[in-house]
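Contents: one structure, followed by commentary.
The values are calculated or read from the model by the stated rules, or taken from the named source; none is laboratory data. Quantities reported herein were computed from a predicted structural model and do not represent experimental measurements. Quick reminder, even Gly has a Cβ in these numbers, built from the backbone with ideal geometry, and neighbours come from all protein chains shown.
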């Protein structure tokens with residue numbers, strides 16, 4: 001089929017009244033009026049927690065700062081934290097292998113701190129939990145909506161591992 005025939009077929013479809021909108025599985029009036037992913041129909045009532053979520057409720061970064069890690073930094077937790085770190089954190093914070101830090105792929109645009117530095121070793125576990133949950137001051141996104149409380153602590157266990165404070169047993 002030559003170019004002339006393709007143009008003719010396209011023109012015939014357009015002029016023949018074949019509408020591509022008719023093939024959509026919804027009416028045009030629904031476009032743009034529906035909530036998108038991450039939105040809810042109405043805002044959450046102030047000072048409430050969804051039913052069943054009270055155990056995972058984190059009121060503030062300041063309160064999380066005082067929390068102690070309830071998850072033992074065993075092999076399973078640390079390896080799960082490593083997997084989660086590689087998926088969610090490595091693009092900015094980089095990779096850690098044999099005590100060496102390699103900057104993340106987007107470090108020139110979104111610099112993530114090197115968590116193996118001594119200044120981060122003295123931070124309490126709740127510090128890392130709070131930053132994972134609520135995000136950083138400027139660039140780091142909040143992962144509280146994405147990760148479970150246990151996954152937060154698994155990442156903290158992995159961070160302690162790369163700092164040399166939690167060797168995998």
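Somewhere in the stretch 139-148, is a residue within 19 Å of residue 70 (Cα to Cα), part of a helix (DSSP H, G or I) and touching a residue at least 60 places away in the same chain (Cβ under 8 Å)? For the stretch 139-148, residues within 19 Å of residue 70 (Cα to Cα), part of a helix (DSSP H, G or I) and touching a residue at least 60 places away in the same chain (Cβ under 8 Å): absent.
Residues checked against (1) exposed (fewer than 12 other Cβ atoms within 10 Å of the Cβ); (2) modelled with pLDDT under 90; (3) within 18 Å of residue 157 (Cβ to Cβ):
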residue	(1), (2), (3)
55	yes, yes, no
61	no, yes, no
70	yes, no, yes
85	no, no, yes
89	no, no, yes
97	yes, yes, yes
110	no, yes, no
119	yes, no, no
130	no, no, yes
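Inspection of the stretch 84-93 identifies no residue that is without any contact (Cβ under 8 Å) to a residue 60 or more places away in the chain, in contact with a helix residue (DSSP H, G or I) (Cβ under 8 Å, 6 or more places away or on another chain) and part of a loop (DSSP other than H, G, I, E, B). Scan the stretch 149-169 residue by residue and report those that are part of a loop (DSSP other than H, G, I, E, B) and either under 18 Å from the mean Cα position of the chain (by Cα) or modelled with pLDDT under 90 (or both). Correct list: 164, 165, 166, 167, 168, 169. Tallying residues that are free of Cβ contacts under 8 Å to residues at least 12 places away in the same chain and assigned to a helix (DSSP H, G or I) within the stretch 94-127 yields 2.
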